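In what follows, a structure is listed as structure tokens, so that the remarks can point back to it.
A short reminder: the numbers here are calculations on the coordinates, not readings from a lab. Because the structure is a prediction, the values reported are computed rather than measured. Neighbour counts run over all protein chains shown; Cβ positions are idealised from the backbone, glycine included.
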Amino acid sequence: MEEFVKQFPAGFVWGAATASYQVEGAWNEDGKGENVWDHFSHQPYHIANGENGDVACDHYHRMKEDVELMSWLGLNSYRFSISWARVLPQGVGKVNEKGLDFYDRLVDALLDQGIAPNATLHHWDFPQALSEQGGWANRDMTDWFVEYAEVMFRRLGDRVSYWATHNEPKVVAMAGYLDGAFPPGRASVNEALLATHHLNLAHGKAVQAYRAGAYSGKIGIVLDIQNFEPATDSEADVLAAQRMSELNTNLFLDPILLGKYPAYILDWLGDQVPQLPQDDMPVIAAPIDFLGMNYYFTAKVEHSTNGLLKSHSENFSADGWGFTKFGWGIDPQGMAKGLHLLRDKYGNLPVMVTENGTPAQDAPDADGFVNDMARIRYLREHIAVVGDCIRSGCNVQGYYIWSLMDNFEWTSGYTPRFGIIRVEPGTLKRVPKRSAHWYRNVIAENKVCL
Ligand code: BGC
């Protein structure tokens, strides 16, 4: 029986996640300032089909209805992010009370339903005004971030259970400053490495500010821990996979949890690595209460003759699993590898799986109902892996599906649909998919059946 029913420990946190720019809309209402995603998506050719997050799921106006759906699902916790420019339109200085009120009402509505708020301060949408001063490549950003964090801690610190400083800072540093696919669209090794360090330092400074306020919740950071494996066991491929992992994961994980940057990638990058004050490192490594881990896929890496890393990666799918609509390979065991790594090499600190999910095919029937069996299969297997990892000693305390509802998928626009709740294009009507009904059961029974 054990093999087929994965029972979870009492108190395990079941959640679902979203992010401000992907769901809120109301991009210029009630005093909100412009952020980098507003700016970027309003320029031609950046986003598939010329789409943008101006309206998104209109969550800003439909928040009450959305919290009712969360309550119907039985969520123990909801992970959302705060739009920095909604609260501080210029990034620093004058606070926009109406923006702050929105998050205040959201937190109260969640608590009314017994749902623990899990708030991320920075899920990629930082103020355009600060980006124009260099953004994350500018060291001042670390202090601007703390100013913003303190506004939020003071207002919500008495009620928010879990805080995360950044969501996947790797994406901001690498897509934003190295390959330029995301805002601010820069393409510079130097800026990407500076941005990496400043994101890490801003995180550490915000953790210190939180401790100074003696708030009652927990604080951590959300990192993506994808699984990179060498395509063959040749030395060249093994080293290529190591470079890929270190640039994508360890540049963030190691300073935050071990207080140092990974040596191999620093040697590889050589004199491209900027000189950094050594006394930043203890600040970056300020102890955190939990690590948020996002996991989606495994990639196989081979040595290549091109690019900074001279590494080439291909999506990998475990036997019989195939690929998601995004082309990502499905590999539930890749998630176990990440969780084992955190258990064995990083002190087994409390972990929340803060994102996991898939853009499955999503054609509705005549009533708008989506029978998304492929998504259920993906979620079921990954949740089962979480259960196995807990039994093998991993300190996993919660799991959040990405995503509560279909939303704006960054440069891919609205085509990839990750939600367990359908958001009907045009009307924005919410319709729970089959996966939502399934997840509701998982939560109610605190177990998953294979
Ligand atoms: C991000 C989400 C995104 C999801 C699917 C994660 O890396 O945090 O914002 O929607 O991946 O691409």
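Quick notes
- Residue satisfying condition, being of a type in the set (A, V, I, L, M) and closer than 28 Å to Gln226 by Cβ, within set Leu194, Leu130: Leu194
- Residue that is nearest to the ligand (Cβ to nearest atom), among those in the range 380-415 that are touching an Asp or Glu at 6+ places or on another chain (Cβ under 9 Å) and part of a strand (DSSP E or B): Trp402
- Taking the range 213-238 as the range and being part of a helix (DSSP H, G or I) and either within 16 Å of the ligand (Cβ to nearest atom) or surrounded by fewer than 18 Cβ atoms within 10 Å (Cβ to Cβ) (or both) as the test, the residues that pass are Glu235, Ala236, Val238.
Yes/no per residue for (1) over 21 Å from Arg159 (Cβ atoms); (2) away from the ligand (no atom under 16 Å from the Cβ); (3) part of a helix (DSSP H, G or I); (4) of a type in the set (Val, Ile, Thr):
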site	(1), (2), (3), (4)
Tyr21	yes, no, yes, no
Asn28	yes, yes, no, no
Trp37	yes, no, yes, no
Ala56	yes, no, no, no
Arg62	yes, yes, yes, no
Arg79	no, no, no, no
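- Qualifying residues in the range 416-446 (those that are over 20 Å from Met63 (Cα atoms) and hydroxyl-bearing (Ser, Thr, Tyr)) - the one nearest to the ligand (Cβ to nearest atom): Ser435
- When residues of the range 142-176 are limited to those that are under 20 Å from the mean Cα position of the chain (by Cα) and farther than 21 Å from Pro287 by Cα, the one nearest to the ligand (Cβ to nearest atom): Val171
- The number of residues in the range 82-130 that are closer than 10 Å to Tyr148 by Cβ, in a helix (DSSP H, G or I), away from the ligand (no atom under 16 Å from the Cβ) and touching a strand residue (DSSP E or B) at 6+ places or on another chain (Cβ under 8 Å) comes to 1.
- Asn248 vs. criteria crowded, with 22+ Cβ neighbours inside 10 Å, within 16 Å of the ligand (Cβ to nearest atom) and not in a strand (DSSP E or B): yes
- If the condition is being among the small types (Gly, Ala, Ser) and either more than 16 Å from the ligand (Cβ to nearest atom) or not in a strand (DSSP E or B) (or both), then the range 288-306 contributes only Ser304.
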